[in-house]
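Contents: one structure, followed by commentary.
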């Protein structure tokens with residue numbers, strides 16, 4: 001690894017020490033379906049977001065709920081504070097496309113149609129609620 005690449009990796013590693021996040025890779029749900037749930041919880045209080053995900057009927061909500069619980073546990077492990085006392089909010093949620101499994105489905109007259117089984121990568125960042133500055 002080159003020096004410049006090593007320095008970039010070191011600065012990223014230092015920045016991640018003060019961020020509280022959890023990452024889910026290769027989740028077997030299409031990114032479009034997962035983004036619908038991510039939009040529901042973005043910017044909300046973490047316990048409100050957990051309730052939204054718990055009672056949502058979509059299949060991906062269970063995975064997102066588990067990931068949010070992991071992000072809260074990471075916050076607790078890094079800071080040593082209780083999450084109930086620290087007024088946590090879901091700061092960022094982003095869903096990126098993962099790998100696609102390509103399959104073939106038989107079609108009439110000897111043809112074949114391609115089926116793309118999509119997956120995604122989800123990242124949740126939690127942080128303390130920012131107080132609005134008063135003048």
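The values are calculated or read from the model by the stated rules, or taken from the named source; none is laboratory data. What you see is a predicted model; the values in this text were computed from it and never measured. Neighbour counts run over all protein chains shown; Cβ positions are idealised from the backbone, glycine included.
Modelled with pLDDT of 95 or more, under 28 Å from residue 131 (Cα atoms) and exposed (fewer than 13 other Cβ atoms within 10 Å of the Cβ): does that describe residue 39? Criteria met by residue 39.
Residues that are exposed (fewer than 15 other Cβ atoms within 10 Å of the Cβ) and either touching a strand residue (DSSP E or B) at 6+ places or on another chain (Cβ under 6 Å) or farther than 14 Å from residue 16 by Cα (or both) within the stretch 79-89 comprise 80, 81, 82, 84, 85, 87, listed in sequence order. Looking only at the stretch 59-78, residues that are surrounded by fewer than 14 Cβ atoms within 10 Å (Cβ to Cβ), assigned to a helix (DSSP H, G or I) and under 16 Å from the mean Cα position of the chain (by Cα) come to 3 in all. Among the residues of the stretch 80-109, just one is part of a helix (DSSP H, G or I) and closer than 30 Å to residue 28 by Cα, namely 108.
Listed by first and then second residue, the pairs with beta-carbon distance under 8 Å, at least 6 apart or on different chains, first residue in the stretch 108-121 and touching a residue at least 60 places away in the same chain (Cβ under 8 Å), second surrounded by 10 or more Cβ atoms within 10 Å (Cβ to Cβ) and assigned to a helix (DSSP H, G or I), are 118/31; 120/31; 120/34.
Residue-wise test of (1) in contact with a helix residue (DSSP H, G or I) (Cβ under 8 Å, 6 or more places away or on another chain); (2) modelled with pLDDT of 95 or more; (3) not in a helix (DSSP H, G or I).
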{"position": "10", "(1), (2), (3)": "no, no, no"}
{"position": "13", "(1), (2), (3)": "no, no, no"}
{"position": "24", "(1), (2), (3)": "yes, yes, yes"}
{"position": "43", "(1), (2), (3)": "no, no, yes"}
{"position": "49", "(1), (2), (3)": "yes, yes, no"}
{"position": "53", "(1), (2), (3)": "yes, yes, no"}
{"position": "57", "(1), (2), (3)": "no, yes, yes"}
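Note on the stretch 92-107: residues that are touching a helix residue (DSSP H, G or I) at 6+ places or on another chain (Cβ under 8 Å) and either without any contact (Cβ under 8 Å) to a residue 24 or more places away in the chain or within 18 Å of residue 21 (Cα to Cα) (or both) total 4. Only one of the numbered conditions (1) buried (at least 18 other Cβ atoms within 10 Å of the Cβ); (2) out of contact with any strand residue (DSSP E or B) (no Cβ under 8 Å at 6 or more places or on another chain); (3) over 29 Å from residue 130 (Cβ atoms) is violated by residue 98, and that is (2). All conditions in (1) modelled with pLDDT of 95 or more; (2) in contact with a strand residue (DSSP E or B) (Cβ under 8 Å, 6 or more places away or on another chain); (3) surrounded by fewer than 19 Cβ atoms within 10 Å (Cβ to Cβ) hold for residue 93, with the sole exception of (3).
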